[in-house]
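Okay, so here's the structure we're looking at.
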Amino acid sequence: MPKILIVDDDSTTVKLLQTLLRMDGFDVLVAPRGQVAIDLAYSDAPDIMMIDYHLTDMDGLEVVKRLRADSRFAAMPIVIASGLNVADQALAVGANVFLDKPFEPSSLADTFFKLLG
């Protein structure tokens with residue numbers, strides 16, 4: 001069962017994603033803030049991460065930069081989601097995929113499984 005870390009401070013979005021991804025066979029971890037996500041990445045070693053651009057303590061780009069600076073996270077698939085047009089910045093800092101919000105939650109599992117190979 002692949003382990004995904006969802007990094008988002010919107011509890012409604014998180015609950016929906018947790019339910020859908022668990023039904024699709026993912027073990028789901030949740031972090032409401034960037035620093036919590038970084039700590040969980042080190043302690044729980046997720047297989048893939050989905051990070052919201054807007055977080056309360058730092059933006060999603062900063063989370064990706066900090067993780068990519070460590071060789072342990074160099075190859076881990078990371079998805080950034082935002083309603084803003086920040087795709088170029090997300091990919092430049094090391095995200096594998098950028099998702100425009102709103103996205104179709106039911107298609108997420110396919111995207112994640114493709115990234116996991």
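The values are calculated or read from the model by the stated rules, or taken from the named source; none is laboratory data. Treat the numbers as computed from the prediction; the structure is a model and nothing was measured. Cβ atoms come from the backbone with ideal geometry, glycine included; neighbour counts cover every protein chain shown.
Values computed for the structure shown
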quantity: Failed criterion for THR111 (all others in (1) closer than 18 Å to PRO2 by Cβ; (2) touching a helix residue (DSSP H, G or I) at 6+ places or on another chain (Cβ under 8 Å); (3) crowded, with 18+ Cβ neighbours inside 10 Å hold); calculated: (2)
quantity: ALA69 being of a type in the set (A, V, I, L, M), within 14 Å of the chain's Cα centre (by Cα), surrounded by fewer than 16 Cβ atoms within 10 Å (Cβ to Cβ) and modelled with pLDDT of 95 or more; calculated: no
quantity: Residue list for segment 83-108, restricted to those being within 20 Å of GLN18 (Cβ to Cβ) and at pLDDT 95 or above; calculated: VAL97, LEU99
quantity: Those residues of segment 84-108 which are loosely packed, with under 13 Cβ neighbours inside 10 Å, of a type in the set (Gly, Ala, Ser) and under 20 Å from VAL14 (Cβ atoms), in sequence order; calculated: SER106, SER107
quantity: Among (1) of a type in the set (A, V, I, L, M, F, W, C); (2) outside any helix (DSSP H, G or I); (3) under 15 Å from the mean Cα position of the chain (by Cα), the one test that LEU84 misses; calculated: (3)
quantity: Residue within segment 75-84 that is among the hydroxyl-bearing types (Ser, Thr, Tyr) and closer than 20 Å to VAL28 by Cβ present; calculated: no
quantity: Residues that are closer than 20 Å to THR111 by Cβ, among the hydroxyl-bearing types (Ser, Thr, Tyr) and out of contact with any strand residue (DSSP E or B) (no Cβ under 6 Å at 6 or more places or on another chain), drawn from segment 18-60; calculated: THR19
